[in-house]
Amino acid sequence: MTLPVIASSGRTPVAQLPVELVERKGLGHPDTICDAVMETVSLALSREYRARCGHILHHNVDKALLVAGESEPGFGGGRIIVPMRLIVGDRAASRWNGQTIPVWEIAEATVKDWFRQHLRFVDPDRHVVLQNELHPGSTELMNIFARRQLTANDTSAGVGYAPLTETERLVLAAERYLNSPEFKARFPITGEDIKVMGVRHGRQLSLTVAIAFVDRFVTGPASYFQQKELIQQDLTGFIQRQLVELDSAGIALNALDDPQRGAGGMYLTVLGTSAEGADGGEVGRGNRVNGLISFNRPQSLEAAAGKNPVSHVGKIYNVFSHHLAARIYQTCPGLNEVNVWMCSRIGCTLDAPWSLSVDLSLKPDAVMSDVEQPVRDLILRELSQINEFTERLVRGEFSVC
């Protein structure tokens, strides 16, 4: 492994930039559905492989396409005309030592269970058609899993950063609050398809929030707009209570609404997700592995969800780089911000990345000579424990969307 490159570029921390843009696609957004479902399938296959074979076999189930259905929302409850279609694809080993592993049966049951657990109004047996496009992988890649020490099965780069800015923290908190069981109990009208876009100018934050309303709870335009006003007031109060460094936060909710257009001027759905009739989704088009799309940050376009958790660096290094950045920030004093870049070379061991570089933003009273060696020591310790880290990925301890 090339020794870590640790430097300070002098870049302005994102929290101090004049403008910051952050987005989160919530639980029921079609892109997030694809990510979450396929990550859950990967974890289920990993458990089954270990139970049957003693180790995790080759799989990368990171290709999914959610094709929107067709719906007809209406006051008091509409109908689904054409179900949404989820194409579940890519590669997964289905044979080992002469025995057949029921890959599709495991994937199908896992997908349906995810929908039942996370989208209150979606019945996967009626509202979702599943299409099986899972096939065995290449022999060369499958052979990686037979080695005593697993190696990177791709040449890929990952990037992570810490800490979150207040804007990032509030965007993430807003969606999680709106999709929390407590909020749903008070406002059952709100579906799980929620998108939050935050724009900060100086110390003022503006949030544009889209929430799919569930039509069975809406008796007419007055009912819709009354509930919308209550939800906006509730969310505004929640965000205001979370402010620390920022001075104010304004919220626009379902900004396309037009009371003059009747049902066509409201964000109404039958099932609480736009995937029922308006918008499709794909793995990798949504949130990065820390749950955010932060436009001022270094980004990876790697689709992490669904990739195997023990050798695919497209997942491991992207999650690990965020973990490493957070550990550096929390452990080493004198830092405003940390950015970590990692790159693998296919066939090399995970603890020996081809390249690892760290950019430190120092506080005014800190000097590089004081922090460089502690940061280097921490990096080497964390890399020596990367197999334990991948075990945490196998257990699903890290969300990737």
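Please treat every number below as a calculation from the coordinates, not as lab data. This structure is a prediction, so every number in the text was calculated from the model and none was measured. Reconstructed Cβ throughout: ideal geometry from the backbone, glycine too, with neighbour counts over all protein chains shown.
Observations on the structure shown:
- Kirkwood Rh in Å, taken over region 167-282 so that all alpha-carbon pairs contribute: 14.8 Å
- Per-residue ellipticity at 222 nm from helix content only, as computed over the chain with -39500 (n - 2.57) for each DSSP H run of at least four residues, stands at -11000 deg cm²/dmol.
- Modelled FRET efficiency - R0 51 Å, Asp247 with Thr100, Cβ distances, 0.05 increments: 0.25
- Note, ³J(HN,Hα) from phi for region 274-288, Karplus 6.51, -1.76, 1.60, rounded to Hz, x at Gly and Pro: 5, 5, 5, x, 10, 8, x, x, 9, 4, x, 8, x, 5, 6
- Summing +1 for each Lys or Arg and -1 for each Asp or Glu among the other residues whose beta-carbon sits under 15 angstrom from that of Pro18 gives -1.
- Inter-probe distance in nm under a simple model that places probes 7 Å from Cα toward Cβ, at Ala222 and Arg126: 3.1 nm
- Label point of Arg186 set 7 angstrom out along Cα-Cβ; within region 1-44, no amide nitrogen lies under 19 Å from it.
- Residue among Ala249, Ile189, Tyr267 farthest towards the positive dipole end of region 167-282, charges placed on Cβ: Ala249
- The ranking of Lys112, Lys315, Lys228 by Cβ neighbour count inside 10 Å, starting from the fewest, reads Lys112, Lys228, Lys315.
- Extending 7 Å from the Cα toward the beta-carbon at both Thr331 and Leu3 defines two label points whose distance is 1.8 nm.
- Region 305-352: C-alpha gyration tensor shape, a/c 1.5 cut-off, then a/b vs b/c: prolate
- Across the options Ala51, His118, Val128, the greatest Cα extent toward the positive end of the charge dipole of region 30-144 (unit charges at beta carbon of Lys, Arg, Asp, Glu) belongs to Ala51.
- Order of Met38, Met368 under a 10 Å beta carbon neighbour criterion, fewest first: Met368, Met38
- Segment His55-Ser369, length gained on full extension (0.36 nm per residue, minus Cα span): 108.7 nm
- Packing-based ranking, highest mean first, of 323-336, 6-19 given that Cβ atoms within 10 Å are counted: 323-336, 6-19
- Net charge over other residues, Cβ less than 15 angstrom from the Cβ of Leu380 (K, R count +1; D, E count -1): -2
- Around the amide H of Gly26, modelled in the peptide plane, lie the amide H atoms of Ile194, Lys195, Val196, all under 5 Å away and 5 or more residues distant in sequence or on another chain.
- Take the Cα of Gln16, step 7 Å toward its Cβ, do the same at His135, and the gap between the two points is 5.3 nm.
- Whether region 251-401 is rounded, prolate or oblate, judged on the alpha carbon gyration tensor where a/c under 1.5 counts as rounded: oblate
- Those residues of region 268-303 whose amide nitrogen sits under 12 Å from the label point placed on Ile81, 7 Å along Cα→Cβ: 277-278
- Net charge over other residues, Cβ less than 9 angstrom from the Cβ of Gln242 (K, R count +1; D, E count -1): +1
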